[in-house]
Amino acid sequence: MFKRRWLILFMSLALACIWAVDFLRAQEVCVIQQRDFSTSLSYSRNVAQGDLNGDSIQDLVILGTEDAPKHDVQILLGQGDGSFVSHAQISLGEVDPASRDLVVGDLNGDSVLDLAFAGLNTYNVLVTRGNGDGTFGPIQSFNFPVGQLPFAIAMADFNNDSKLDLATANDLTDNISVLINNTPAGASTFSFLPASNFAVGSRPRDLAVGKFDNDVYPDIAVANYNSNTISILLGVGGSTFQLTATVAVGVAPNSIAVGKFRSQSNSLDLVVANEGGNTVSVLLGDGFGGFQAAIPRDYTVGTSPYFVTVGDFNNDAFLDIAVTNRNSNNVSILKGNDNGTFATAQNFAVCSGPWGITVGDFNRDGQSDLAVACRNVLYKLDILLLGTNINSVVQWKKDYVYTSGQLTATVEKVP
């Protein structure tokens with residue numbers, strides 16, 4: 001009975017979305033937002049997506065907190081309809097119980113996705129090889145040291161050799177570390193050259209990668225939490241980067257993302273989540289590695305914005321912004337106007353303490369969806385569906401609560 005009602009609800013919302021796109025040019029955001037946590041993971045910190053078992057359906061990797069048993073990583077396999085099933089776990093507790101960030105990519109050239117984590121306590125990068133079926137091999141740790149307190153990790157081919165490399169933002173040493181990948185193709189263990197370190201601002205919390213000067217080498221933008229700035233480092237080949245710009249943003253920038261907010265421009269732009277100012281800052285690139293504040297630069301979002309991402313959330317072919325607000329328990333979505341400006345934020349309630357966020361098409365309808373990791377909820381899964389009609393946004397909330405071995409689900413319309 002429940003499945004039948006849920007199917008009818010899902011189809012109704014999908015039709016509302018299609019209707020809005022056809023006749024309103026998607027003026028309101030139409031998002032299916034799914035957060036689906038295994039009950040074996042008591043608290044969640046971050047989330048990433050990728051096809052982990054080769055079935056062309058996006059899966060989720062959920063990073064637990066140090067409060068979770070053994071600081072587990074949970075693998076959830078996507079079913080292609082917006083739902084996920086628990087599949088495997090990876091324990092980081094005996095290696096690094098405080099890892100905060102992760103990335104997904106093929107590090108050994110075997111066409112299977114691997115995982116890399118920023119080891120916050122060990123000052124190392126932790127890597128594990130994918131087996132191609134949604135499971136992973138042993139954690140490689142203590143072999144790839146970086147700076148102290150690596151809060152964030154990014155992945156890109158920094159030296160243009162067709163191998164994915166890694167970079168971390170190191171909060172305590174005020175620098176970033178770049179690890180060049182020299183793993184042989186198909187190898188079962190990973191190898192990286194010793195880290196190259198580059199100074200940035202005070203307490204770097206996050207980093208994002210893009211070709212900001214339009215050459216062949218990726219560049220790096222870093223959010224400096226204490227400096228209220230971002231640092232721009234341009235790649236010049238090998239593992240070498242040059243600090244070329246420092247740009248002011250809002251108070252306590254905690255997260256940064258790259259997007260092309262002007263489709264007619266050949267330049268990449270940036271958005272920063274300012275935890276201390278309850279804003280996001282938008283910076284427009286000039287195509288030569290420089291950035292300047294958009295007008296307006298700052299947009300008000302929820303309380304304590306924590307992680308930011310970009311995607312086309314209303315199917316108008318323009319990039320929008322989504323940010324988790326960890327103290328107001330919601331996600332803010334700002335619709336892009338394709339000229340470097342954005343609409344006033346729409347706020348959508350989620351569970352308590354939203355942290356990490358990732359974008360994917362989890363039900364394969366061509367519409368971007370969001371998965372959010374929530375830090376403060378014990379044994380609870382919360383799915384929020386957003387539908388659009390001509391006058392208003394309709395929100396449907398689906399809650400999962402795990403109690404005494406029983407999983408209970410409820411569906412209700414949000415007033």
Any hit, the stretch 195-207, residues being open to solvent by less than 20 Å² (accessible area, probe 1.4 Å) and β-branched (Val, Ile, Thr): no
So Leu24 clears everything in (1) crowded, with 18+ Cβ neighbours inside 10 Å; (2) at pLDDT below 80; (3) among the hydrophobic types (A, V, I, L, M, F, W, C); (4) more than 19 Å from Leu370 (Cβ to Cβ) except one condition, right? Which one? (1)
Thr168 fails exactly one of (1) surrounded by 23 or more Cβ atoms within 10 Å (Cβ to Cβ); (2) of a type in the set (Ser, Thr, Tyr); (3) at positive phi, namely (3)
Would you say Asp161 is open to solvent by 10 Å² or more (accessible area, probe 1.4 Å), in contact (Cβ under 8 Å) with a residue 40 or more places away in the chain and in a loop (DSSP other than H, G, I, E, B)? no
Kindly indicate whether Val323 is open to solvent by 10 Å² or more (accessible area, probe 1.4 Å) and within 20 Å of Thr358 (Cβ to Cβ). no
Scope the stretch 104-123; condition in contact (Cβ under 8 Å) with a residue 40 or more places away in the chain, open to solvent by 20 Å² or more (accessible area, probe 1.4 Å) and hydrophobic (A, V, I, L, M, F, W, C); matching residues: Val104, Val112, Leu113
Restricting the search to the stretch 74-86, which residues are surrounded by 18 or more Cβ atoms within 10 Å (Cβ to Cβ), of a type outside the set (A, V, I, L, M, F, W, C) and modelled with pLDDT of 85 or more? Gln74, Gly78
Test Asp174 against the criterion of being within 24 Å of the chain's Cα centre (by Cα), under 23 Å from Phe307 (Cα atoms) and not hydrophobic (A, V, I, L, M, F, W, C), and give yes or no. yes
Inside the stretch 308-320, can you point out the residues that are touching a Phe, Trp or Tyr at 6+ places or on another chain (Cβ under 6 Å) and either open to solvent by less than 20 Å² (accessible area, probe 1.4 Å) or without any contact (Cβ under 8 Å) to a residue 12 or more places away in the chain (or both)? Asp320
Does Gly276 satisfy the condition of being surrounded by fewer than 23 Cβ atoms within 10 Å (Cβ to Cβ) and more than 21 Å from Phe151 (Cα to Cα)? no
Among the residues of the stretch 321-348, write down those that are out of contact with any Phe, Trp or Tyr (no Cβ under 7 Å at 6 or more places or on another chain), among the polar types (S, T, N, Q) and modelled with pLDDT under 95. Asn329, Gln346, Asn347
Working carefully through the options Ser91, Ser177, find the one that is touching a Gly at 6+ places or on another chain (Cβ under 6 Å), hydroxyl-bearing (Ser, Thr, Tyr) and either modelled with pLDDT under 90 or crowded, with 18+ Cβ neighbours inside 10 Å (or both). Ser177
Restricting to the stretch 124-153, and then to whatever is among the hydroxyl-bearing types (Ser, Thr, Tyr) and modelled with pLDDT of 95 or more, can you tell me which residue is surrounded by the fewest Cβ atoms within 10 Å (Cβ to Cβ)? Thr135
Among the residues in the stretch 54-65, are any at pLDDT below 65, open to solvent by less than 20 Å² (accessible area, probe 1.4 Å) and assigned to a loop (DSSP other than H, G, I, E, B)? no
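The values are calculated or read from the model by the stated rules, or taken from the named source; none is laboratory data. Because the structure is predicted, anything quoted here is derived from the model rather than measured. Glycine also receives a Cβ, built like all others from the backbone with ideal geometry; neighbour counts cover every protein chain displayed. Just the protein is used for accessible areas: all its heavy atoms, side chains included, with ligands, DNA and RNA removed. Shrake-Rupley method; radii C 1.70, N 1.55, O 1.52, S 1.80 Å.
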